[in-house]
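The values are calculated or read from the model by the stated rules, or taken from the named source; none is laboratory data. Small disclaimer: the values here were computed from a predicted structure and weren't measured. Because the Cβ atoms are built from the backbone with ideal geometry, glycine has one as well, and the counts that use them run over all protein chains shown.
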Amino acid sequence: MDQPVSPALPSAHAAARPRAVPTHELYRRHALPVRIMHWVNVVALTLMFMSGLQIFNSHPALYWGASSYTGRPAWLEIGARQDSQGRMTGYTRILGREFTTTGVLGVSTDEGRAYAQGFPGWLTVPSHQWLSMARAWHFFFAWIFLINGLCYVLYVIASRHLARDLWPTRMDVRGIGASIVDHLRFRHPTGEAAKRYNVLQKFAYLTVIFVLLPLVILMGFGMSPRLDTLFGGWVDWFGGRQSVRSLHFIIAWLLVGFVLIHVFEVIVTGLWNNVRSMITGRYRVPQEPLRE
Ligand code: HEM
Ligand code: HEM
């Protein structure tokens, strides 16, 4: 981050105009390894999430504890019922409260025909019920995701990207209140301040990189047949296999929550400028709006 590509170049017509034309500075925001690993991660996480939902569909209920055979009801259940006329209704029960979710959860429709399925086909890989294939996708991308993540962590430490750009400074922490207010008012930094991540962004990235992703991996490994012989004991730290399965699922959705906010911020702070900086590295620094 933070290497100028070209100096600020005023427009050739600036002198002739009554108001100065805002100048823009292009600089290199993201190093090539960060860009590559970011997009590999996006593809792997997306496919892991979608194949995970297909795995969930083969038994669409989640429990706490070591076993699902204790007689204690599931805290989350997605299912389908058929009435006497043969009409299908989808339902979702969360902590004992039931909601009708036909068309989205429990029952989907395909060319007018209703069929029972937890999450709908457009959200899962593969799109129809196929547990073994979903597990093949999940475990294939687990390795890509894991190796990519390890390379990223080693890179950010070795290149000092972690210390320089991602770790909040004392000033950052003191400015947290102001940053929250700025976010709520959609006021985005310009000039020098726009070259750095803001404090909320830093905390969000660090939480995802060092808390959510390691946890989801740890729990996935704990549940995975074969790998659980290596790391099996871990499931007991979290209350048993069913609890781990529930937590793995919840963290997957927390990651979706992060991505929604992340992409929303990318859009409102300049979609193309931001995405270009993650593809080519080049970022156009937004300038202060000029006052008369
Ligand atoms: C799939 C899950 C995603 C995760 C976990 C994720 C995570 C991250 C992280 C950790 C960074 C900081 C990288 C660094 O500086 O080392 C970042 C930056 C960025 N991400 Fe994502 N991202 C995801 C999806 C996306 C998507 C779908 C887009 C496209 C709209 C996107 C666009 C960007 C951009 C433009 C930046 C640079 C932001 C800036 O320079 O201010 N990300 N992302
Ligand atoms: C190295 C990483 C991972 C491994 C080894 C792994 C492993 C597993 C395993 C073994 C299951 C089946 C659990 C069961 O029902 O018995 C599972 C389910 C699932 N995984 Fe992962 N996973 C990993 C990462 C992820 C990530 C990053 C996401 C989300 C982006 C994710 C989302 C899901 C979801 C939504 C389920 C379905 C929940 C369920 O029914 O158990 N997983 N995973």
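Tabulated results
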{"item": "Some residue of the range 25-34 being crowded, with 17+ Cβ neighbours inside 10 Å and under 22 Å from W253 (Cβ atoms)", "result": "no"}
{"item": "Matching entry among G239, G191, G222 (being in contact (Cβ under 8 Å) with a residue 40 or more places away in the chain and within 30 Å of Q54 (Cα to Cα))", "result": "G239"}
{"item": "Qualifying residue in the range 130-146 (condition: β-branched (V, I, T), in contact (Cβ under 8 Å) with a residue 40 or more places away in the chain, under 30 Å from L26 (Cα atoms) and within 16 Å of ligand 2 (Cβ to nearest atom))", "result": "no"}
{"item": "Single residue of the range 47-79 satisfying the filter (of a type in the set (V, I, T) and more than 8 Å from ligand 2 (Cβ to nearest atom)) that is farthest from Q242 (Cα to Cα)", "result": "I78"}
{"item": "Matching option when the condition is in contact (Cβ under 8 Å) with a residue 60 or more places away in the chain, away from ligand 2 (no atom under 16 Å from the Cβ) and either surrounded by fewer than 18 Cβ atoms within 10 Å (Cβ to Cβ) or in the same structural domain as L62 (by TED's automatic domain parsing) (or both), among R245, R282", "result": "R282"}
{"item": "Residue count for the range 32-73, restricted to those that are at pLDDT below 95 and not aromatic (F, W, Y)", "result": "8"}
{"item": "Matching residues in the range 93-143 - criterion: being hydroxyl-bearing (S, T, Y) and closer than 17 Å to R81 by Cα", "result": "T100, T101, T102, S108, T109, Y115"}
{"item": "Residue in the range 183-206 that is over 21 Å from R282 (Cβ atoms) and polar (S, T, N, Q) present", "result": "no"}
{"item": "Pick from the range 192-227, criterion surrounded by fewer than 16 Cβ atoms within 10 Å (Cβ to Cβ), away from ligand 2 (no atom under 16 Å from the Cβ) and more than 18 Å from V268 (Cβ to Cβ), ranking: modelled with the lowest pLDDT", "result": "E192"}
